[in-house]
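A short write-up of the structure that comes next.
Each value in this text was obtained by applying a stated rule to the coordinates, not by laboratory testing. A quick note: this is a predicted structure, and the numbers were derived from the prediction, not measured. Glycine also receives a Cβ, built like all others from the backbone with ideal geometry; neighbour counts cover every protein chain displayed.
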Amino acid sequence: MILIVTHSQDLTADLVIRHLIADGRPFRRLDTDQLGRPECHFGVGEEPFLRLGNERLAVSRVGAVWHRRYALATVLDGVAPDYREFVHRELAMTMDAFFEAIDPRRSINPAEADRRSGNRLIQARSARKLGLMIPDTLVTQDLGEAQRFVRAHAKSVTKAIAYGLLTTGDAGRQAYTSVIDIRDDLSKVAGCPALLQEAIEKHYEWRVTTVGNRVFSARIDATKAPAASDWRQRPDASSGFELATLPSAVSTRILALAADCGIVYGAHDLIETPAGDFVFLETNPAGQWGWLEVTLGLPIGRAVADELIQRAGNGS
């Protein structure tokens with residue numbers, strides 16, 4: 001049995017599910033926003049189990065699990081504010097007990113690998129060790145250090161260390177990569193670690209997706225939107241990418257980085273400079289990829305399904 005962990009608004013999961021259906025592979029989909037109800041909850045008896053409707057799925061039946069996306073349980077909206085955090089922790093701990101009972105080798109991605117590869121500071125150290133070029137970077141809460149760094153570079157940016165979600169709910173504000181200069185008020189670094197980075201001149205921005213030992217690459221022409229510091233903010237972000245082949249030496253290092261982080265799936269962002277150099281920016285172990293399959297035909301869903309099937313073996 002293959003378990004897909006996502007949420008009810010996630011359409012990308014269907015790009016994998018269709019292959020599992022075509023291959024006749026048994027699977028279950030868990031929409032985590034529906035947890036916390038009698039018909040959808042984790043529990044522990046003789047072994048951890050997951051209740052999905054009328055089915056009680058014992059953890060021993062799970063041959064592979066895809067940790068695609070998580071969402072807050074909507075039942076928390078109906079919990080009194082004083083008890084909401086308590087209920088949230090209880091739900092999380094019960095879920096952890098279930099997934100902890102599954103061999104990490106059967107997971108995409110293992111939880112510890114997700115944690116390490118989701119930290120930009122840890123992944124940057126691995127990238128440098130493996131021979132990837134990375135921008136000059138400083139993380140600090142010292143105003144003087146921050147000012148000196150910004151002065152030392154012709155152009156600098158700031159970005160989140162882990163991921164940029166600022167608020168939850170319908171507002172869902174994101175912190176994107178943003179250009180900064182010495183005229184900006186940098187005093188707020190005193191209250192939160194700030195990641196500062198030299199801005200790299202761009203010809204192309206690359207999104208490289210790795211699944212196991214397979215590499216899928218696409219690029220967007222940065223010269224067509226030179227003011228954009230983050231391609232995610234471009235109006236053509238979903239349509240402006242084109243298929244492109246990454247140089248083999250760079251592909252080899254990206255696969256080595258994924259292996260070093262212990263991840264099966266990864267979305268990697270790189271810059272190609274006008275001189276043709278490739279600079280590594282970050283890895284997102286749960287980055288989006290659906291638009292690349294839909295617009296460019298990259299068979300990423302097939303690759304994820306194949307990895308899940310391999311890990312599940314012949315179990316039901």
- Query: For the stretch 193-316, what is the per residue volume of the convex hull drawn over the alpha-carbon atoms, in cubic angstrom?
  - Reply: 136
- Provide the net charge surrounding Thr210, with neighbours chosen by a C-beta distance below 15 Å and charges set as Lys +1, Arg +1, Asp -1, Glu -1. -3
- Just tell me which lysines come within less than 22 Å, Cα to Cα, of Lys224; anything on the same chain fewer than 8 places away is out. Lys155, Lys202
- Message: Please report, in whole Å³, the volume per residue of the convex hull around the C-alpha atoms of the chain.
- Response: 151
- Message: Restricting to bridges with both residues inside the chain, how much of the DSSP beta-bridge set is antiparallel, in percent to the nearest 5?
- Response: 80
- Message: I want the local charge near Leu143. Using Cβ-Cβ distances under 13 Å, sum +1 for each Lys or Arg and -1 for each Asp or Glu among the other residues.
- Response: -1
- Message: Suppose only helical runs count, i.e. DSSP H with n ≥ 4. What mean residue ellipticity at 222 nm does that imply for the chain under -39500 (n - 2.57) per run, divided by all residues and rounded to the nearest 500 deg cm²/dmol?
- Response: -9000 deg cm²/dmol
- Which FRET efficiency value, to the nearest 0.05, is calculated for Arg183 and Thr252 with the Förster distance at 25 angstrom and r the Cβ-Cβ distance? 0.05
- Message: If packing is taken as the average count of other Cβ atoms within 10 Å, what order do 154-161, 19-26, 113-120 fall into, highest mean first?
- Response: 113-120, 154-161, 19-26
- P(r) for the stretch 2-109: what percent of alpha-carbon pairs falls in each 10 Å bin, starting at zero? 14, 46, 32, 7, 1
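Restricting the count to DSSP beta bridges whose residues both fall in the stretch 2-109, what percent are antiparallel, rounded to a multiple of 5?
50
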- Query: What residue among Leu132, Leu143, Leu281 shows peak mean-square fluctuation when the chain is described by a Gaussian network model with Cα springs under 10 Å?
  - Reply: Leu143
- Using Cα pairs closer than 8 Å and at least 6 residues apart in sequence, work out the relative contact order for the stretch 2-109, in percent. 32
